[in-house]
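A.B. asks: Got a structure here, written out as structure tokens. Questions coming.
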Amino acid sequence: VRLVPAPRGTGLVSAPVPKKLLNMAGFEDCYTCATGQTATLGNFAKATFAAIAATYAYLTPDMWSPTVFTNSPYQEYTDYLAKPIVKQPKKEVKKKSTQNQKIKI
């Protein structure tokens, strides 16, 4: 048995056996899809119960742990990034001239 969420107000769209179980489980809007031998009511009811039990393995938003978001680097360093860039003047390096030096051999 496969349980498919339905739009609000649809109700339970299923055979009578799963409809009773889904109603007792608290489902309001749900489509069902069954494959295999559904004439055996006991097996059909067990398959429906297994599908309902499998839905409780999913976490709903009210069960999620709270998420703490941190600032992105752009938000964290906006003050630094907003400052204008001031270029420092380059210092000239004086090179020693080699013309005045005599090479001794």
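A.B. asks: Percent of accessible area on the chain owned by carbon and sulfur, 1.4 Å probe?
C.D. replies: 58
A.B. asks: Between SER65 and THR38, what is the FRET efficiency for a Förster distance of 41 Å, r being their Cβ-Cβ separation, to the nearest 0.05?
C.D. replies: Calculated value: 0.55.
A.B. asks: Counting only heavy atoms of the protein chains, get the accessible area per residue of segment 26-82 (1.4 Å probe) and round it to a whole Å² value.
C.D. replies: 87
A.B. asks: Provide, for the chain, the number of lysine pairs with alpha carbons under 20 Å apart, each pair being eight or more places apart or on different chains.
C.D. replies: Going through the chain pair by pair, I get 4.
A.B. asks: Ignoring ligands, DNA and RNA, how do TYR77, TYR56, TYR31 rank by accessible area with a 1.4 Å probe, largest first?
C.D. replies: From most accessible down to least: TYR56, TYR77, TYR31.
The values are calculated or read from the model by the stated rules, or taken from the named source; none is laboratory data. Note that this is a predicted model, so its numbers are computed, not measured. Cβ atoms come from the backbone with ideal geometry, glycine included; neighbour counts cover every protein chain shown. To get the accessible areas, we keep the full protein, side chains included, count just its heavy atoms, and leave off ligands, DNA and RNA. Shrake-Rupley method; radii C 1.70, N 1.55, O 1.52, S 1.80 Å.
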